[in-house]
Amino acid sequence: MTFASILEWLIKGFVWVMILLGGFAYLTYYERRALARIQVRIGPNRAGPLGLLQPIADAIKLIFKEELMPARADKLLFFLAPIITLTPALVITAVVPFGPEGLNFPLFGRVITWQIADINVGILYIMSIASIAVYGIVLAGWSSNNKYAMLGGLRSTAQMISYELALGLSFVSVIVLADSTRMIDIVEAQKSMWFMVLQPVGMVIFLIATLAEVNRSPFDMPEAEQELAAGYHSEYGGMKFALLFMAEYDKMIAICIIAATIFFGGYREFWFLQNTWFSVDQTPILGPVYVFIKVFILLFGMIWVRATLPRIRYDRLMAFGWKILLPLSLALVFLTATGILLAQEVNPLFMWGIPVVSLAAGFIAILGMYQTLRRKEHARA
Amino acid sequence: MPVLEPIIELGRGLFTTLRSMFEKPVTVQYPEERKPVKPRFRGRHVLKRYENGLEKCIGCALCAAACPADAIFVESSENSDEKRFSPGERYASTYEINMLRCIYCGFCEDACPTEAIVLGDQYELSFTDRKQAIYPKDMLLEAVAASQLLTPQKTEPGKFTRSVPEMKDPQD
Ligand code: SF4
Ligand code: SF4
């Protein structure tokens, strides 16, 4: 490790963190505008042209707000919790590639890649960092010395642990399909066919589990206003609250980037642009643009779901995670592996068996869901 | 297939919200764009005048008596033909409404024997100080078109002896 490579990391890391922080600010704006349009309103449009300065106004407001320290809070943890929450959200995307491996600009005799760290266990890194994120939340809830905050933190832990299993297993399907845990290999494996097509049910599971992971509605139990005031951040104000808020939105961005990378072809072009000038093989600079477009669309999906679905009941949330998603994703891993084995040993056409059989498995899961929900209704009547 | 119904319902919900994105927003861009108020809207009070410029208010303080919030303060003085503010014997020399106390119930309107006080359509009341919330008579009194209509007026004797005019039933 030379001085130049450390410098490169520092610069790339700094730039990326700045992008994420700016992205957080404008994600709140995007969400407010999109949500407003769905609710037949206009949304923030006063501060600056089209309300584009609204996030800055919000930031200034938050900076100047009073910071509170609850009387019997655990001072150190109360102070550290927002930082512990934010850090994983910022570092999780360090392994995600934003452009093809081939695109390097030679600078000072060095080759600079479109990625902060190219490690060969990239996807494992993502999984491990994703599970660290829960510490910040549970510590924030616990150190506030507030029952609601505590309950919010605990709910969040339980929920994250439950959905992490399904999330991890849908990662496994991708690893099996790509035959690698390195992010660039995963993206390059989707050159001809996005994994979204090969493993549609896995993609749906991934998207559902990520909603639960980042505590977005309809899985926003940790901050269910009606039950828990504001949940784990009830006692936070000012900049500390801003950090927690930032963590939440940066997690959304990060998870959408990851989803785009592992299921929607990452920096690869859209399928109809293959072998044209717009392909990243010919114009590598378009890689980040494609990632941005995909993330933009995925984020809209999250906002759209939030605008549509009410929060689900806690026991249903748990039952859904453990009884439906976990077995289904386990089955998918098995099906994917079998399909690949058959495709390699017998006939490549067996590859197409994977989506078909997965959809059948998904149907069975829906059947199971239907049955359990119905049985509960009878039991209560 | 009944099994797929929850999924179909989910899709229908998502479609409904997506479709509502393309509807025209119902937002009224308030300071630039104002909706007209309804005819019976009860906004800030106005003290009315007759066509000849005399004030309708005769300082009887019935409005103050009717006010459930005790928001009105009236003090009356004698009219004379040299300095006539209102028809009849007396006029309100002080008339104040505390807009922070007022609940805009409109009882003062009902109580007034001369229809002098009316709740208008002005609703933009904001103060930076409690004292500013007390609207004195000159703020409440209706503006006049010409300066000769201002009160007090000099009137010929014996003309304005009746303080309460003949009135029709209210229209709206
Ligand atoms: S509107 Fe009601 S509360 Fe207000 S001054 Fe008249 S009587 Fe009093
Ligand atoms: S406003 Fe009407 S009720 Fe009140 S003092 Fe004047 S005349 Fe009397």
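Just one of the numbered conditions (1) open to solvent by 60 Å² or more (accessible area, probe 1.4 Å); (2) within 14 Å of chain B (Cβ to nearest Cβ) is not true of residue A:52: (2). Taking only pairs six or more apart or across chains, which ones have beta-carbon atoms under 6 Å, a first residue in segment B:67-85 that is more than 16 Å from residue B:151 (Cβ to Cβ), and a second residue that is away from ligand 2 (no atom under 13 Å from the Cβ)? Sorted first by the residue in segment B:67-85, then by its partner, the pairs are B:69/B:101; B:69/B:102; B:69/B:103; B:71/B:98; B:71/B:101; B:71/B:102. In the condition set (1) within 14 Å of chain B (Cβ to nearest Cβ); (2) assigned to a helix (DSSP H, G or I), residue A:312 is compliant with all but (2). Sort through A:367, A:332 and tell me the only one that's touching a helix residue (DSSP H, G or I) at 6+ places or on another chain (Cβ under 6 Å) and open to solvent by less than 40 Å² (accessible area, probe 1.4 Å). When all the criteria are applied, what remains is A:332.
Filtered by the rule that a residue be assigned to a helix (DSSP H, G or I) and facing chain A (nearest Cβ under 10 Å), segment B:13-70 gives B:13, B:14, B:15, B:16, B:17, B:18, B:19, B:20. Take the conditions farther than 30 Å from residue A:42 by Cβ and either of a type outside the set (Gly, Ala, Ser) or within 12 Å of ligand 2 (Cβ to nearest atom) (or both) and apply them to residue B:55. Does it pass? In short, yes. In the set (1) farther than 19 Å from residue B:55 by Cβ; (2) without any contact (Cβ under 8 Å) to a residue 12 or more places away in the chain, residue B:145 fails one condition alone, (1). For segment B:91-116, the candidate set comprises residues that are touching a helix residue (DSSP H, G or I) at 6+ places or on another chain (Cβ under 7 Å) and among the polar types (S, T, N, Q); within that set, the residue that is surrounded by the most Cβ atoms within 10 Å (Cβ to Cβ) is B:98. Check whether at least one residue in segment A:1-24 is surrounded by 16 or more Cβ atoms within 10 Å (Cβ to Cβ) and without any contact (Cβ under 8 Å) to a residue 40 or more places away in the chain, and report yes or no. There is no residue in segment A:1-24 that is surrounded by 16 or more Cβ atoms within 10 Å (Cβ to Cβ) and without any contact (Cβ under 8 Å) to a residue 40 or more places away in the chain.
Candidates in segment B:71-88 are the residues that are closer than 24 Å to residue B:125 by Cα and within 11 Å of ligand 2 (Cβ to nearest atom); of these, the one that is nearest to the other protein chains (Cβ to nearest Cβ) is B:72. Just give me the residues in segment A:193-220 being open to solvent by 10 Å² or more (accessible area, probe 1.4 Å) and either over 24 Å from residue A:318 (Cα atoms) or of a type in the set (Val, Ile, Thr) (or both), in sequence order. Across segment A:193-220, the qualifying residues are A:193, A:194, A:196, A:197, A:198, A:201, A:204, A:208.
For segment B:10-28, the condition of being under 16 Å from residue B:142 (Cβ atoms), more than 16 Å from ligand 1 (Cβ to nearest atom) and not small (Gly, Ala, Ser) holds for none of the residues. Among the criteria (1) farther than 30 Å from residue B:35 by Cβ; (2) open to solvent by 90 Å² or more (accessible area, probe 1.4 Å), the one residue B:126 does not fulfil is (1). Of the residues that make up segment A:64-71, is at least one away from chain B (no Cβ under 14 Å), among the aromatic types (Phe, Trp, Tyr), touching a Gly at 6+ places or on another chain (Cβ under 9 Å) and more than 30 Å from residue B:14 (Cβ to Cβ)? Looking for residues that are away from chain B (no Cβ under 14 Å), among the aromatic types (Phe, Trp, Tyr), touching a Gly at 6+ places or on another chain (Cβ under 9 Å) and more than 30 Å from residue B:14 (Cβ to Cβ), one finds at least one in segment A:64-71, hence yes. You will find that of A:223, A:227, A:248, the residue that is open to solvent by 10 Å² or more (accessible area, probe 1.4 Å) and touching a helix residue (DSSP H, G or I) at 6+ places or on another chain (Cβ under 6 Å) is A:223 and no other. Please work out if residue B:80 is modelled with pLDDT of 90 or more and over 14 Å from the mean Cα position of the chain (by Cα). No: the conditions fail for residue B:80. Pairing each residue of segment A:37-53 that is part of a loop (DSSP other than H, G, I, E, B) with any residue that is basic (Lys, Arg) and open to solvent by less than 90 Å² (accessible area, probe 1.4 Å), provided the two are 6+ apart or on different chains, yields C-beta distances under 9 Å for A:42/A:33; A:43/A:33; A:43/A:37; A:44/A:33; A:45/A:33.
Which one is surrounded by the most Cβ atoms within 10 Å (Cβ to Cβ), of the residues in segment A:96-133 that are at pLDDT below 75 and not in a loop (DSSP other than H, G, I, E, B)? This residue is A:112.
Residues checked against (1) modelled with pLDDT under 85; (2) touching a Lys or Arg at 6+ places or on another chain (Cβ under 9 Å):
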site: A:171; (1), (2): no, no
site: A:181; (1), (2): yes, no
site: A:188; (1), (2): yes, yes
site: A:204; (1), (2): no, no
site: A:209; (1), (2): no, no
site: A:214; (1), (2): yes, yes
site: A:218; (1), (2): yes, yes
site: A:237; (1), (2): yes, yes
site: A:254; (1), (2): no, no
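What residue, among those in segment B:89-114 that are touching a Lys or Arg at 6+ places or on another chain (Cβ under 6 Å) and within 11 Å of ligand 2 (Cβ to nearest atom), is modelled with the lowest pLDDT? Per the stated criteria, the residue is B:114.
Residues checked against (1) touching a residue at least 60 places away in the same chain (Cβ under 8 Å); (2) in a helix (DSSP H, G or I); (3) not polar (S, T, N, Q):
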site	(1), (2), (3)
A:240	yes, yes, yes
A:250	yes, yes, yes
A:257	yes, yes, yes
A:265	yes, no, yes
A:276	no, no, no
A:290	no, yes, yes
A:304	yes, yes, yes
A:320	no, yes, yes
A:334	no, yes, yes
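The values are calculated or read from the model by the stated rules, or taken from the named source; none is laboratory data. The shown structure was predicted, so the numbers you read here are calculated from the model rather than taken from an experiment. Because the Cβ atoms are built from the backbone with ideal geometry, glycine has one as well, and the counts that use them run over all protein chains shown. Keep in mind that these areas ignore ligands, DNA and RNA; they rest on the heavy atoms of the full protein, side chains included. Shrake-Rupley method; radii C 1.70, N 1.55, O 1.52, S 1.80 Å.
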